[in-house]
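The next block holds one structure in the form of structure tokens; read it before the comments.
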Amino acid sequence: MSDVRLIEAPLTIDFEDAAAREHEFEREFGTISETDDDAIGQWLRSAKSKGDTSDSDPVVLHLIVELYRKMDRLEHLITGNTPIRIPLAHHGEIERIGFEHFELVEPLLEPSKHYYGRLELPVHPRRETPLYFEALTPTLAKIIRIHPRDDGEWGAYMRSRERIMIRHLKGLE
């Protein structure tokens with residue numbers, strides 16, 4: 001564990017023993033990934049594969065798609081049709097993260113136990129990130145399963161926090 005490099009990154013996580021409701025957690029894990037594959041996302045992938053977006057500015061296209069998703073979320077909120085998430089037994093504050101690890105502020109974990117959790121990464125666009133992790137110590141956890149897209153966002157967030165820390169240490173902030 002001495003090779004684990006962690007960077008300060010304040011996040012919150014809700015989690016529970018993965019064995020407690022294994023089937024429910026697995027279903028939610030899959031469902032959250034499918035919500036990223038909404039109608040506009042499927043349309044965009046189809047249009048890109050056909051080459052229909054070659055004349056479009058990718059940044060503007062991405063922003064328009066995200067505006068559509070935000071309006072869709074607002075519509076679901078207004079109509080009361082928001083996705084229901086499984087309430088998880090524990091809530092913790094993450095103090096530091098690494099590419100495959102995170103560390104909680106308080107010792108809430110049982111070493112060698114596997115957990116299912118959800119957190120919200122502060123990236124654009126914000127989204128829930130479901131993950132499975134194993135407790136290495138009462139505060140240190142290793143991510144053992146995360147969706148590939150979320151894994152990329154986790155790494156990008158970790159690198160951005162690292163850049164902030166370097167700028168701070170250099171006195172540029």
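Tell me, yes or no, whether the range 54-69 has at least one residue that is surrounded by 12 or more Cβ atoms within 10 Å (Cβ to Cβ), of a type in the set (Phe, Trp, Tyr) and farther than 29 Å from residue 144 by Cα.
yes
So which strands (runs of 3 or more DSSP E) are wholly in the range 78-140 and hold at least 1 residues that are touching a helix residue (DSSP H, G or I) at 6+ places or on another chain (Cβ under 9 Å) and among the hydroxyl-bearing types (Ser, Thr, Tyr)?
Result: 114-121, 127-135.
How many of the residues making up the range 130-153 are out of contact with any Lys or Arg (no Cβ under 7 Å at 6 or more places or on another chain) and either in contact (Cβ under 8 Å) with a residue 12 or more places away in the chain or closer than 20 Å to residue 70 by Cα (or both)?
Qualifying residue count, the range 130-153: 14.
Report yes if residue 37 is under 18 Å from residue 146 (Cα atoms) and modelled with pLDDT under 80, otherwise no.
Considered against the rule, which asks whether it is under 18 Å from residue 146 (Cα atoms) and modelled with pLDDT under 80, residue 37 comes out as yes.
Does the range 151-158 contain any residue that is assigned to a strand (DSSP E or B), crowded, with 18+ Cβ neighbours inside 10 Å and either of a type in the set (Phe, Trp, Tyr) or in contact with a strand residue (DSSP E or B) (Cβ under 7 Å, 6 or more places away or on another chain) (or both)?
Looking through the range 151-158, none of the residues is assigned to a strand (DSSP E or B), crowded, with 18+ Cβ neighbours inside 10 Å and either of a type in the set (Phe, Trp, Tyr) or in contact with a strand residue (DSSP E or B) (Cβ under 7 Å, 6 or more places away or on another chain) (or both).
Looking at residue 46, is it polar (S, T, N, Q) and either in contact with a Gly (Cβ under 8 Å, 6 or more places away or on another chain) or outside the structural domain of residue 15 (by TED's automatic domain parsing) (or both)?
In short, yes.
Among the candidates 30, 92, 98, 117, single out the residue that is closer than 15 Å to residue 131 by Cβ, surrounded by fewer than 13 Cβ atoms within 10 Å (Cβ to Cβ), under 17 Å from the mean Cα position of the chain (by Cα) and not polar (S, T, N, Q).
Of the residues listed, the single one that is closer than 15 Å to residue 131 by Cβ, surrounded by fewer than 13 Cβ atoms within 10 Å (Cβ to Cβ), under 17 Å from the mean Cα position of the chain (by Cα) and not polar (S, T, N, Q) is 30.
The values are calculated or read from the model by the stated rules, or taken from the named source; none is laboratory data. These numbers were taken from a predicted model, which means no experiment stands behind them. In this analysis, Cβ positions are derived from the backbone assuming ideal geometry, glycine residues included, and neighbour counts consider all displayed protein chains.
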